[in-house]
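The values are calculated or read from the model by the stated rules, or taken from the named source; none is laboratory data. Quantities reported herein were computed from a predicted structural model and do not represent experimental measurements. Here the Cβ positions follow ideal geometry from the backbone for every residue, glycine too, while neighbour counts run over all protein chains shown. Remember, those area values only see protein heavy atoms, side chains included, never the ligands or the DNA or RNA. Shrake-Rupley method; radii C 1.70, N 1.55, O 1.52, S 1.80 Å.
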Amino acid sequence: MKGQDLFSNLPEGCISHILSLTSPPDVCRSSAVSSIFLSASESDIIWERFLPSGLPDILNRSVSPIHFSSKKDLFFRLLDPILIDEGKMSFSIERKTGSKCYMLSPRELWIAWGGTPRYWKWISLPQSRFSEVAELLNVCWLEISGKIDAHILSPKTTYKAYLVFKIGERAYRLGYPHAVASVKLGGHESNNIVFLQQKLSSGADGQVPQERSDGWMEIEMGSFFNDEGEEGDVEMNFKHVMGGLWKRGLIVEGIEIRPVCN
Amino acid sequence: MASTSNSTSSKIITLRSSDGEVFEVEESVALESNLIRRMMEDDCANNIIPLPNVTAPIFYLVIEHCKKHAEMKDNKEKKKELRSQGEELLKSDPHTYSNLMEAVNYLDIKSLMDLTAQWLADFLKGKSPRLIRELLKIKNDFTPEEEAEILERNRWAFD
């Protein structure tokens with residue numbers, strides 16, 4: 001064996017090319033191997049490959065301009081959601097794969113009775129990424145739906161849709177009985193029994209809310225596989241109408257569509 | 001003299017490795033290398049083409065893989081098999097891998113560059129920096145402070 005380090009005769013661009021064939025976490029881990037790996041890991045060749053397609057168009061739709069010094073910088077900036085389309089949606093990327101994530105703001109959703117001030121109130125909250133969120137005052141027919149064109153999602157990717165919400169202080173009868181959520185794309189439909197609050201008693205099995213890192217709660221509505229994005233709209237629906245009971249206190253942040261990470 | 005071809009119909013190119021061994025290679029195989037292609041365009045074709053950066057054992061490997069690569073066209077099974085051989089070579093003999101990669105880079109052979117790059121990429125996936133260094137005999141040239149800082153910055157990637 002030569003005294004010289006292996007790979008030290010390879011040009012840095014060659015190492016960058018190799019790293020571009022792995023994944024974002026692999027590149028970040030490999031950057032701690034040695035200084036040649038560290039400097040190769042900064043290359044635009046790598047991060048350009050991890051950034052999703054159609055990005056220039058998305059950045060053009062951003063509410064505030066996105067400045068970045070390199071493709072890697074851009075990649076890491078987009079891990080935090082940016083507002084697009086006049087603030088009606090947010091966009092971010094998933095850090096392990098670079099796949100696209102979106103959240104539809106409540107103004108971009110269809111909410112039954114959402115336009116009637118007696119039933120729903122539009123408020124602004126400092127914890128929200130959007131300028132307005134919807135607070136439920138009183139309804140017995142609680143239904144929310146949204147859709148997103150599969151074409152704008154990452155291809156060959158399994159996604160899940162989540163209802164993102166908070167339970168307000170004056171919440172009443174949200175957790176019982178169960179609600180039903182569905183996600184539909186093309187011929188595929190996925191249905192979930194969901195509970196907005198932890199179940200009080202045993203009975204039907206279903207999804208329960210999980211706490212998110214941004215302080216909101218989320219509940220899984222269903223999943224779908226986006227092949228080439230040519231199947232039209234993904235339709236997502238949440239319906240809490242059983243028993244005809246009056247409910248109040250739900251605060252809706254939006255519906256998030258994000259890739260499933262293995 | 002080593003011959004890598006039985007065919008008499010196609011043109012034969014003569015090449016000499018850095019350790020003086022002479023190879024006769026079919027033109028179609030030799031032209032996979034953009035370096036050799038350029039040298040031939042510069043009219044070195046009637047002479048023996050010297051390859052001062054490639055030793056005979058490594059050149060054998062290059063030729064062997066060029067042929068394998070040509071055979072596997074449109075054959076998914078073979079492609080898979082060839083791709084999976086990298087892990088073994090990298091584990092058992094990283095030195096030869098590194099020499100092969102350097103030779104492929106020097107000879108500028110696109111198909112083999114893709115293959116050997118994929119080998120190392122597959123090998124790196126999911127491994128810790130320490131394990132990569134250990135298996136590939138790479139020296140850690142960071143100071144402890146630098147290393148700690150890089151690990152801290154990329155902590156998310158180690159979950």
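Of all DSSP beta bridges in the range B:2-125, what percent run antiparallel (nearest 5)?
Counting only bridges with both partners in the range B:2-125, antiparallel ones make up about 55 percent.
State in Å² the accessible area per residue of the range A:100-259; use a 1.4 Å probe, count heavy atoms of protein chains only, and round to the nearest integer.
Value returned for the range A:100-259: 47 Å² of accessible area per residue.
Round to a whole angstrom and tell me the spacing of the C-alpha centers of the range A:89-133 and the range A:164-197.
16
Suppose every Lys and Arg Cβ carries +1 and every Asp and Glu Cβ carries -1, with no other charges. What dipole size does the protein assembly as shown come out with about its Cα centre, to the nearest 20 debye?
Computed about the Cα centre, the dipole is about 1540 debye.
Per residue of B:89-95, how many C-beta atoms from partner chains lie within 10 Å of its own C-beta, taken as a mean?
Partner Cβ neighbours, averaged per residue: 1.
Run lengths n ≥ 4 of DSSP H only: what is the helix-derived mean residue ellipticity at 222 nm for chain B, with -39500 (n - 2.57) per run over all residues, to the nearest 500?
-17500 deg cm²/dmol
Residue by residue through B:128-134, how many Cβ atoms from other chains fall within 10 Å of the Cβ on average?
Rounded to a whole number, the mean comes out at 4.
Quick one: which bits of the range A:13-40 get at least 50 Å² less accessible when the partner protein chains are in, versus the chain alone, with a 1.4 Å probe?
A:18, A:21, A:28, A:29, A:32, A:33
Highest first, please rank the peptides A:58-70, B:96-108 by the mean number of other Cβ atoms sitting within 10 Å of their residues.
With the highest mean Cβ count within 10 Å placed first, the list reads B:96-108, A:58-70.
Any idea what diffusion coefficient the range A:57-180 gets from Stokes-Einstein, in µm²/s, Kirkwood Rh on alpha carbon pairs, 37 °C, 0.692 mPa s?
The calculation lands on 198 µm²/s.
Quick one: what does P(r) look like for the range A:132-223 with 10 Å bins over all Cα pairs, in whole %?
Reading upward from the zero bin: 13, 44, 33, 10, 0.
Chain B: D in µm²/s via Stokes-Einstein (Kirkwood Rh, Cα pairs, 10 °C, 1.306 mPa s)?
D, rounded to a whole number, is 89 µm²/s.
If you count, for each residue, the other Cβ atoms within 10 Å and average over each peptide, how do B:54-62, A:46-54 line up from highest to lowest?
Averaged packing, sorted descending, gives the order B:54-62, A:46-54.
Whole number in Å², please: accessible area per residue of chain B, 1.4 Å probe, ligands, DNA and RNA not counted.
Each residue of chain B exposes 56 Å² on average to a 1.4 Å probe.
Suppose every Lys and Arg Cβ carries +1 and every Asp and Glu Cβ carries -1, with no other charges. What dipole size does the range A:45-182 come out with about its Cα centre, to the nearest 20 debye?
Charge dipole, the range A:45-182, about its Cα centre: 300 debye, nearest 20.
Over the range A:12-82, what relative contact order in percent results from Cα pairs under 8 Å that are six or more residues apart?
Relative contact order here is 28 percent.
If you wrap a convex hull around the Cα atoms of the protein assembly as shown, how much volume per residue is inside, in Å³?
Roughly 198 Å³ of hull volume per residue.
For A:91-97, what's the mean count of beta carbons from other chains sitting within 10 Å of each residue's beta carbon?
Counting other chains' Cβ atoms within 10 Å and averaging over A:91-97 gives 1.
If you wrap a convex hull around the C-alpha atoms of the range A:100-259 and split its volume per residue, what is the figure in Å³?
It is 110 Å³ per residue.
Which value, in square angstrom to the nearest 100, describes the accessible area buried between chains B and A on both sides, using a 1.4 angstrom probe?
Roughly 3000 Å².
Treating only the Cβ atoms of Lys and Arg (+1) and Asp and Glu (-1) as charged, compute the dipole magnitude of the range A:100-259 about its Cα centre; round to the nearest 20 debye.
That gives the range A:100-259 a dipole magnitude of about 700 debye.
Compare the Cα positions of A:145, A:31, B:100 along the charge dipole of the protein assembly as shown (+1 at Cβ of Lys, Arg; -1 at Cβ of Asp, Glu; about the Cα centre) and return the one farthest towards the positive end.
A:145
For the range A:12-82, give the percent of accessible area contributed by carbon and sulfur heavy atoms, probe 1.4 Å, rounded to a whole number.
For the range A:12-82, the apolar C and S fraction of the accessible surface comes to 53 percent.
Residue by residue, what Karplus-based ³J(HN,Hα) values in Hz, rounded to whole numbers, does the range A:115-127 have, using 6.51, -1.76 and 1.60 with θ = phi - 60° and x for Gly and Pro?
x, 9, x, 5, 9, 10, 10, 9, 10, 10, 10, x, 7
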